[in-house]
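Student: Quick one: the structure is below, and I'll ask about it shortly.
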Amino acid sequence: MAETAASPTSAKNLADKNLAVRVSPAKQLQDAFAAGSLAGTVELSELPFLTMVGLRAGAGTETAQRLASVTGGLPARSGDVAGNGDTSVLWLGPGEFLVVAPTEAHESLGGDLIRALQDALGDGEGQVVDLSANRTTFELTGPQGRAVLEKGCSLDLHPREFKAGTAVSTEIANIPAILWKTGEESFRIFPRASFAEFLGRWLLDAMREYASPEVP
Amino acid sequence: MLLISCPNCGPRDETEFHYGGQAHVAYPENPNELNDTEWSRYLFYRENPKGTFAERWVHSTGCRQWFNMLRDTVSYDIQAIYPMGTPRPDRAAPRTAESGTASTAADSTTTGTAAPDISGTSTTPASTTAPEGATK
């Protein structure tokens with residue numbers, strides 16, 4: 001799309017226009033997220049419109065190597081996250097991965113990530129599918145973030161087991177979601193778009209107790 | 001709640017999995033030659049043992065892969081987890097539980113190839129893996 005534009009400014013305008021008309025799956029909860037967040041304790045926000053690409057390629061195949069050269073590596077086992085810079089690759093299953101990249105990487109905004117992955121795939125055995133609209137992203141940060149998640153996720157989230165830079169596909173609040181620990185006190189949660197409102201309200205409810213002073 | 005060790009993802013809650021019924025039910029080699037009784041036996045008749053049972057599970061909210069499991073239907077003790085297409089690990093001692101004679105006859109389509117080799121500690125011969133692979 002970028003190369004068809006007459007000038008860089010019009011491409012930028014088009015991208016801005018594209019972004020302005022989009023409505024993210026948890027847009028209606030934006031104010032509630034701001035009101036329910038407690039600075040320094042636990043904060044919740046939506047990161048709308050991240051570019052996501054589903055990859056499938058058998059481990060060790062030439063196709064996988066070509067895809068890995070674009071993304072900066074493919075993770076090898078459950079929990080692993082590969083990638084370089086702001087492009088990350090999450091392990092979903094044997095030979096199945098999810099690329100997470102910034103919003104601008106999408107071709108509707110002038111990015112070329114998906115095109116590059118499709119070129120890398122060529123006619124090899126595998127898949128490159130644009131899944132950007134499939135899931136939305138919640139960011140849960142703060143010292144109580146783990147406590148909030150532990151109310152609805154049965155994994156061992158203690159830092160000695162669940163280290164920063166780990167992403168797993170699991171259940172949170174009885175719905176399937178991908179949980180990615182991006183830092184010591186920050187999590188990214190990827191629910192499917194249709195579960196965004198439910199999970200958003202569930203997380204707000206789970207966060208509410210931390211607004212009150214601790215009962216001794 | 002069962003805690004199931006997925007071969008790819010490690011121990012996870014039972015709610016992340018879905019049950020796939022009895023394992024090692026081989027698709028008939030010549031389905032056209034079966035009469036209605038035999039076909040219904042293949043489709044609908046399954047073992048219901050009191051004791052060890054081989055069954056299929058899929059980790060549907062995780063890696064989405066199928067695997068086989070040996071589970072005790074009385075104690076819910078998970079005895080083994082092994083990949084699809086591999087023979088049942090405890091076949092050296094088949095049907096130790098008090099399963100009825102009728103159910104073993106119903107299972108003849110599955111165990112027919114394995115029947116000649118029940119001696120000693122050796123597991124089932126490689127010939128059984130071929131029809132199991134065909135079921136997938």
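The values are calculated or read from the model by the stated rules, or taken from the named source; none is laboratory data. This is a predicted model, so every value here is computed, not measured. All Cβ positions, even for glycine, are placed from backbone atoms using ideal geometry, and neighbour counts span all protein chains on display. Heavy atoms of the whole protein, side chains included, go into the accessibility calculation; ligands, DNA and RNA do not. Shrake-Rupley method; radii C 1.70, N 1.55, O 1.52, S 1.80 Å.
Student: Nearest 20 debye, what's the magnitude of the dipole of segment A:49-134 about its Cα centre given +1 on Lys and Arg Cβ and -1 on Asp and Glu Cβ?
Tutor: 220 debye
Student: How about segment B:31-72: which of its residues lose at least 50 Å² of accessible area in the presence of all protein chains relative to their chain isolated, using a 1.4 Å probe?
Tutor: By number: B:Thr61, B:Arg64.
Student: Here's a follow-up. Among A:Leu113, A:Leu155, A:Leu140, which one shows the biggest mean-square fluctuation in a GNM of chain A, springs joining Cα atoms closer than 10 Å?
Tutor: The residue that fluctuates most here is A:Leu155.
Student: In segment A:49-134, if the dipole is taken from +1 on Lys/Arg beta carbons and -1 on Asp/Glu beta carbons about the Cα centre, which of A:His106, A:Ala116, A:Gly58 is farthest to the positive end?
Tutor: A:Gly58
Student: When Lys and Arg each count +1 and Asp and Glu each count -1, what net charge do the other residues less than 12 Å away from A:Gln127, Cβ to Cβ, add up to?
Tutor: My count for the surroundings of A:Gln127 gives -2.
Student: Strictly over 27 Å apart at the Cα level, which of A:Lys27/A:Lys181; A:Lys27/A:Lys151; A:Lys12/A:Lys163 would you flag in this model?
Tutor: Result: A:Lys12/A:Lys163 exceed 27 Å.
Student: Does a label point 7 Å from the Cα of A:Phe198, set along Cα-to-beta-carbon, have any residues of segment B:12-41 with amide nitrogen under 16 Å, and which are they?
Tutor: B:15-17
Student: Per-residue accessible area for A:Val129 at 1.4 Å probe radius, Å² rounded to 10?
Tutor: 60 Å²
Student: Taking all protein chains together and a probe of 1.4 Å, list A:His106, A:His158, B:His18 from the most accessible to the least accessible. Don't skip to the end; give the middle numbers.
Tutor: Values: A:His106 30, A:His158 60, B:His18 110 Å².
Sorted descending by solvent-accessible area, the residues read B:His18, A:His158, A:His106.
Student: What does the charge dipole of segment B:1-81 about its Cα centre add up to, to the nearest 20 debye, if the Cβ of each Lys and Arg holds +1 and the Cβ of each Asp and Glu holds -1?
Tutor: Dipole of segment B:1-81, to the nearest 20 debye: 200 debye.
Student: What percent do you get for the relative contact order of segment A:45-104 when only Cα pairs under 8 Å and 6+ apart count?
Tutor: In percent, rounded to a whole number, it is 37.
Student: Mind giving me the FRET efficiency for A:Arg160 and A:Asp16? R0 is 41 Å, r the Cβ-Cβ distance, nearest 0.05 is fine. Intermediate values should be presented prior to the final figure.
Tutor: Working: r = 45 Å, r/R0 = 1.10.
Computed FRET efficiency for A:Arg160 and A:Asp16 comes out at 0.35.
Student: Which value, in Å² rounded to 10, gives the accessible area of B:Trp39 with a 1.4 Å probe and all protein chains present?
Tutor: Surface open to solvent at B:Trp39 totals about 90 Å².
Student: Among A:Ala173, A:Ala35, A:Ala57, whose mean-square fluctuation peaks in a Gaussian network model of chain A (Cα, cutoff 10 Å)?
Tutor: It is A:Ala35.
Student: Please give the calculated 222 nm ellipticity per residue for chain A, where each DSSP H segment of at least 4 residues contributes -39500 (n - 2.57) and the sum is spread over every residue; nearest 500 deg cm²/dmol?
Tutor: It comes out at -7500 deg cm²/dmol, rounded to the nearest 500.
Student: Between segment A:164-198 and segment A:199-216, how far is it from one alpha carbon centroid to the other, in angstrom?
Tutor: If you average the Cα positions of each part, the centres end up 18 Å apart.
Student: Report the calculated FRET efficiency for B:Ser75 and B:Asn8 (r = Cβ-Cβ distance, R0 = 25 Å), to the nearest 0.05.
Tutor: On the way: r = 26 Å, r/R0 = 1.03.
Calculated value: 0.45.
Student: Picking from A:Gly72, A:Ala206, A:Gly165, whose Cα lies most toward the positive end of the charge dipole for segment A:65-208 (charges on Cβ: Lys, Arg +1; Asp, Glu -1)?
Tutor: Towards the positive end, the residue furthest out is A:Ala206.
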